[in-house]
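Coordinate-derived values only; no laboratory data. Computed from a prediction, not measured in an experiment: that's the story for all the values here. Cβ sites come from the backbone with ideal geometry, for glycine too, and all protein chains shown count toward neighbours.
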Amino acid sequence: AQSVAQPEDQVNVAEGNPLTVKCTYSVSGNPYLFWYVQYPNRGLQFLLKYITGDNLVKGSYGFEAEFNKSQTSFHLKKPSALVSDSALYFCAVRDGNTGKLIFGQGTTLQVKP
Amino acid sequence: EAGVAQSPRYKIIEKRQSVAFWCNPISGHATLYWYQQILGQGPKLLIQFQNNGVVDDSQLPKDRFSAERLKGVDSTLKIQPAKLEDSAVYLCASSLDSEYYEQYFGPGTRLTVT
């Protein structure tokens, strides 16, 4: 069965430093992977996706993600964190049979000034 | 482009009462999803529509939850009767198609069952 794991409940980083939010996946077939961000009392906002092609995917707000097939990972990265990046981040994988998204449990990113 | 609209934003009901949520997807989006997000967890799909047909409702508690998407546009999700464990945020999302496209989420409805 398809699944997603986000091993860190919370990531703390200082403003201006690079950030990484980790995600590993388990799928049968080709993985279609997504990152979403959720701000308090808001719905999820799409950041980026990997369907095929380059392993480094660029998305919104300066975020990027690196797809690594051998390690079954899809880590979210940003070269320089902003305080406004503080939010809840979800990694998701598309179920190849039904098309539905299967979400990880989420990682809270805290960027401190 | 207008986003996904949901109402109400907040609802408080007592257990065994009924409640309904409404969703208006982005214009032209064929696929509509209802998710349940319990505090501290990722969203879990309840039901997926392609136009006005159900694609996946395997996780929908059908003894109390129902959903419809009339004319392939708006959708309503109903809970009757509600239980305490139904307290959650109910998110509606839509996408152009279920194949490769990202889903766009509405702001959600926060349901509290007392």
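Annotation: of all residues in the range A:54-83 being over 17 Å from A:G104 (Cα atoms) and β-branched (V, I, T), the one that is nearest to the chain's Cα centre (by Cα) is A:V57.
Counting only strands (runs of 3 or more DSSP E) wholly contained in the range B:52-111, the ones carrying 3 or more residues that are more than 11 Å from chain A (Cβ to nearest Cβ) and either buried (at least 18 other Cβ atoms within 10 Å of the Cβ) or of a type in the set (A, V, I, L, M, F, W, C) (or both) occupy B:75-79. All of A:K77, A:K58, A:K49, A:K22 fail the test of being under 18 Å from A:L101 (Cβ atoms) and basic (K, R), apart from A:K49.
Restrict the check to the range A:64-87 and report whether at least one residue is within 11 Å of another protein chain (Cβ to nearest Cβ), basic (K, R) and on the phi < 0 side of the Ramachandran plot. No, the range A:64-87 contains no residue that is within 11 Å of another protein chain (Cβ to nearest Cβ), basic (K, R) and on the phi < 0 side of the Ramachandran plot.
Working only within the range B:37-51, note down all residues that are surrounded by 14 or more Cβ atoms within 10 Å (Cβ to Cβ), within 11 Å of another protein chain (Cβ to nearest Cβ) and touching a residue at least 12 places away in the same chain (Cβ under 8 Å). Once the filter is applied, which keeps residues that are surrounded by 14 or more Cβ atoms within 10 Å (Cβ to Cβ), within 11 Å of another protein chain (Cβ to nearest Cβ) and touching a residue at least 12 places away in the same chain (Cβ under 8 Å), the range B:37-51 yields B:Q37, B:P43, B:K44, B:L45, B:L46, B:I47, B:Q48, B:Q50.
Restricting to the range B:1-27, name every residue that is farther than 21 Å from B:Q80 by Cα and touching a strand residue (DSSP E or B) at 6+ places or on another chain (Cβ under 9 Å). Result: B:A2, B:G3, B:V4, B:A5, B:N24, B:P25, B:I26.
For the range A:51-87, the set of residues classified as within 14 Å of A:E15 (Cβ to Cβ) and part of a helix (DSSP H, G or I) consists of A:G62, A:V83, A:S84, A:D85, listed by residue number.
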